[in-house]
Amino acid sequence: MAFLSDTTISFRREIGPTLRSWYYIVFGLVQPLLYLALFVPLLGSVPGPDGASPLQWFVPGMVVMLVLFTTVSCGWALTEELMSGSFERFLATPMSRPAIMVGRALKELMPLLVQALILIVVAVPFGLALHPLQMLLGLGLLMLFGVGVASLSYALAIASKHDGSLFYLVSHSVSLPLMLLGGVLLPMTNAPGWLYTLSRFNPLTYLVEAERALFAGNFADLSVLYGALVAVIVAAVGLAVGVSQIRKASL
């Protein structure tokens with residue numbers, strides 16, 4: 001119960017400024033909506049599962065991209081708190097360190113969840129078939145994955161607090177290859193053999209495939225199991241690394 005209470009406190013502390021700056025959530029939708037408007041018309045020759053609309057595989061890729069890029073870069077806000085000293089004062093409290101990580105990560109993920117739901121609703125009139133339970137499970141897996149990635153981003157921010165350019169260099173160098181090799185924009189099944197083989201070493205690939213299976217309404221697809229395992233592992237590793245860095249910052 002203490003963990004849940006501390007997570008709520010951390011979340012409420014972080015979400016306040018976000019709610020007061022709601023327009024950031026709105027502008028965060030611009031990029032995926034532009035992809036829908038300008039990229040999807042080019043996909044007429046690439047049908048979705050069982051001949052369905054291309055949106056059936058393109059939209060989950062966009063949602064994964066939203067989560068990946070937002071959580072990878074969310075540590076930048078923490079670097080500002082570290083430089084001002086406000087985060088160290090927060091660490092002086094007896095709050096659970098994992099709860100601090102999860103609360104901060106949820107602050108990043110709640111607006112993303114709203115954006116993802118809006119994106120899905122907007123895509124429905126253009127051919128996206130709704131599978132509500134499967135889609136909710138897919139969004140849940142993404143939230144779990146996002147907690148792990150956000151925690152890793154915070155850990156990087158703490159480790160590079162004296163060099164903000166290092167944070168950007170590492171985060172961008174990691175996120176772009178992950179996205180391109182994860183098949184976010186196009187399924188990797190259409191890639192050349194060497195590129196497809198390379199994508200098998202990218203954990204994001206398995207999450208993207210799980211999301212596409214769930215958005216197509218397939219609970220029982222084996223890719224869902226692989227995607228769930230990736231989400232759990234990333235969340236566990238991210239929290240472990242993030243908590244370790246927070247404890248070092250507390251010393």
Handout entry: the chain: radius of gyration and largest Cα-Cα distance (Dmax), Å
Key = 18.5, 58
Fill in the blank from the handout: Within the set LEU178, LEU133, LEU106, GNM on the chain using Cα springs under 10 Å gives the largest fluctuation to LEU133
Practice task
Report relative contact order for segment 99-209 in percent, whole number only (criteria: Cα-Cα under 8 Å, sequence separation at least 6).
Solution key: 20
Handout entry: Inter-label distance, nm, simple model (7 Å from Cα along the C-beta direction), THR93/PHE3
Key = 1.9
Practice task
Using only the alpha carbons of segment 174-251, determine the length spanned along each of the three principal axes and report them from longest to shortest in whole angstroms.
Solution key: 50, 28, 17
Practice task
Once you've got the GNM for the chain with C-alpha springs shorter than 10 Å, pick whichever of ASN202, ASN218, ASN190 has the biggest mean-square fluctuation.
Solution key: ASN190
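Determine the order of ARG212, ARG200 by accessible area, beginning with the largest, at a probe radius of 1.4 Å. Each step should come with its number before you reach the end.
Working: ARG212 30, ARG200 65 Å².
The ordering from most to least exposed comes out as ARG200, ARG212.
Two-decimal Rg/Rh of segment 105-200 from alpha-carbon positions, Kirkwood Rh? Don't skip to the answer; put the middle values down first.
Details: Rg = 16.6 Å, Rh = 15.9 Å.
Rounded to two decimals, Rg over Rh is 1.04.
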Completion exercise
Length-normalised contact order of the chain, Cα under 8 Å, at least 6 apart, in percent, tallies to 28
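With every protein chain present, what is the per residue accessible area of the chain (1.4 Å probe, Å²)?
48
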Practice task
Quantify, in whole percent, the carbon and sulfur part of the accessible surface of segment 57-194 (1.4 Å probe; protein heavy atoms only).
Solution key: 75
Handout entry: For segment 209-251, alpha-carbon Rg and Dmax in angstrom
Key = 15.5, 49
Exercise for the section: Considering only GLY183, GLY16, GLY238, give the residue with the highest GNM mean-square fluctuation for the chain, with springs between Cα atoms whenever their separation is below 10 Å. Expected result: GLY16
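Divide the volume of the convex hull of the Cα atoms of segment 112-167 by its number of residues and quote the answer in cubic angstrom per residue. Don't jump to the answer; show the numbers that get you there.
Values: hull volume 5.2 nm³, N = 56.
Convex hull volume per residue, Cα atoms: 92 Å³.
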Exercise for the section: Over all alpha-carbon pairs of segment 60-125, lay out the pair-distance distribution in 5 Å bins, whole %, shortest bin first. Expected result: 3, 14, 20, 20, 15, 11, 8, 6, 3, 1, 0
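The values are calculated or read from the model by the stated rules, or taken from the named source; none is laboratory data. All values derive from a computational prediction rather than experimental measurement. Every residue, glycine as well, gets a Cβ built from its backbone with ideal geometry; the counts of neighbours run over all protein chains shown. Side chains are part of the model used for accessible areas, which takes the heavy atoms of the whole protein and leaves out ligands, DNA and RNA. Shrake-Rupley method; radii C 1.70, N 1.55, O 1.52, S 1.80 Å.
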